[in-house]
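Here the structure is laid out as structure tokens; the discussion comes afterwards.
The values are calculated or read from the model by the stated rules, or taken from the named source; none is laboratory data. Model, not experiment: these values are computed from the prediction. Here Cβ is always computed from backbone atoms with ideal geometry, including for glycine, and neighbour counts include all displayed protein chains. Heavy atoms of the whole protein, side chains included, go into the accessibility calculation; ligands, DNA and RNA do not. Shrake-Rupley method; radii C 1.70, N 1.55, O 1.52, S 1.80 Å.
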Amino acid sequence: MFKSKIYKIISVLVLLGFIVAGIVYWRLPNRHKAIVKTYLLHHSGWIDNQWEINNQIQHYTMISPAFYIDGIYKSMEGPKSSNYIQLSQDTTLLWITGFHVKAVNSGNKKQISNDFICHTNVDFNDAKYFSNFHLENRIGKQYPRMTSLSHGLENFKFPKGYGIPMKGNDLLYVTTESLNHNIPDANYLIKHEVQIDFQSKTASFKPLMSRTVYIMLPYDKSDPYKSPLDPGKDYCIPVETKNHSYDDGNGNKLSGHWVIPIGKHTYRSAINNQLQIATDSIRLHAAAVHVHPFATSILLWDKTTKTSIFKSNITNHTNKIGLSKIDAFCSESGIWMFKNHDYELVLEVNNTTTIDQDMMGSMFLFFYDKELDSILNKK
């Protein structure tokens, strides 16, 4: 009799636990639901949870675990997975020359629509990386993201003769995330195939260093989701205040992931602090762009000379939500940028839907690294 009561109490508590967990789950934002769902599917073994690695000469290829697409996942919301990789098992100096990602069918690995690709980030360990080249003064100066591919820019290469040098056994941290803007009744298992191009023993290569610049807009920290009183001052409504939220050093809050209303709008953001130009001048050789659907262009602008450094024109799908093409920048000769000039990003958007949408605007800039070139030549 006593055991029977205990079993009943346990059963009731378990049932209440499931009910509470269900309520909490359904109240989560879509991106957090995707994290929970993907974790359960991968750790239960219901879908493939392993990265497939194929390290070939000059190409490092990997295929992600399966992502279950069961509904609409806007930018930054879809199932994702991360993996640490090494391009080789020794300290051989390698030169990274390009990045690629494509969506594939989970079963037969055949390519499918890249509309299922949100972004693929490639991060590095800056403490280890810079210490290898005796550049400890660079550690911790900015977020150690090498680059990012995203919907509309799934392939990116550096100009001929340029690359990012690194020791082969240094770790890279690759995160790839899925997307689905257009199929509400989706029921797909997909994967992402990621490829990193590299070369070895190439003395003629010139090294590149990366800088990430992105638009940050102020918002009302006391009431962040209230419509701005003066939209002309670039105030925004953040998508959320936990991620991509920054402090300007004076207690004011800025967001790098914000809401755009219906119609055409322009957003500007100063980027001098992000560029961190330490010498009198540096030479830009490549730029990869990350934006969300409804962006139409993003401009790297020299405010001092009132001239364009690089403008990326962005093509949106015509019959559905998504990006067909994002222009990248690649130049052997390069473009000079100067420490005493002021620079900003200028983003143009056109929300053609009937509801608010979310937006980001960033560039991954690659400059000739004269200091590192000198170190490598000494060796």
(message) Go through the stretch 305-338 and report how many residues are more than 29 Å from LEU179 (Cβ to Cβ), touching a residue at least 24 places away in the same chain (Cβ under 8 Å) and not in a strand (DSSP E or B).
(response) 1
(message) Can you pull out every residue in the stretch 32-75 that is in contact with an Asp or Glu (Cβ under 7 Å, 6 or more places away or on another chain), open to solvent by 50 Å² or more (accessible area, probe 1.4 Å) and at pLDDT below 90?
(response) GLN58, HIS59
(request) Could you grab me the full set of residues in the stretch 335-358 that are open to solvent by less than 20 Å² (accessible area, probe 1.4 Å) and either more than 22 Å from SER255 (Cβ to Cβ) or touching a Cys at 6+ places or on another chain (Cβ under 9 Å) (or both)? (result) MET337
(message) Quick test of your reading of the structure: LYS242 fulfils all but one of (1) crowded, with 17+ Cβ neighbours inside 10 Å; (2) among the basic types (Lys, Arg); (3) not in a strand (DSSP E or B). Name the failing condition by number.
(response) (1)
(message) If SER255 satisfies all but one of (1) touching a residue at least 24 places away in the same chain (Cβ under 8 Å); (2) open to solvent by 50 Å² or more (accessible area, probe 1.4 Å), what's the number of the condition it fails?
(response) (2)
(message) Of the conditions (1) modelled with pLDDT under 95; (2) not in a loop (DSSP other than H, G, I, E, B), THR279 satisfies every one except a single condition; which number is it?
(response) (2)
(request) Only strands (runs of 3 or more DSSP E) wholly contained in the stretch 79-177 count here; list those with 1 or more residues that are under 21 Å from ASP327 (Cβ atoms) and open to solvent by 30 Å² or more (accessible area, probe 1.4 Å). (result) 93-105, 145-150, 155-157
(message) Which condition from (1) at pLDDT 95 or above; (2) in contact with a Phe, Trp or Tyr (Cβ under 8 Å, 6 or more places away or on another chain) is the one that HIS292 breaks?
(response) (2)
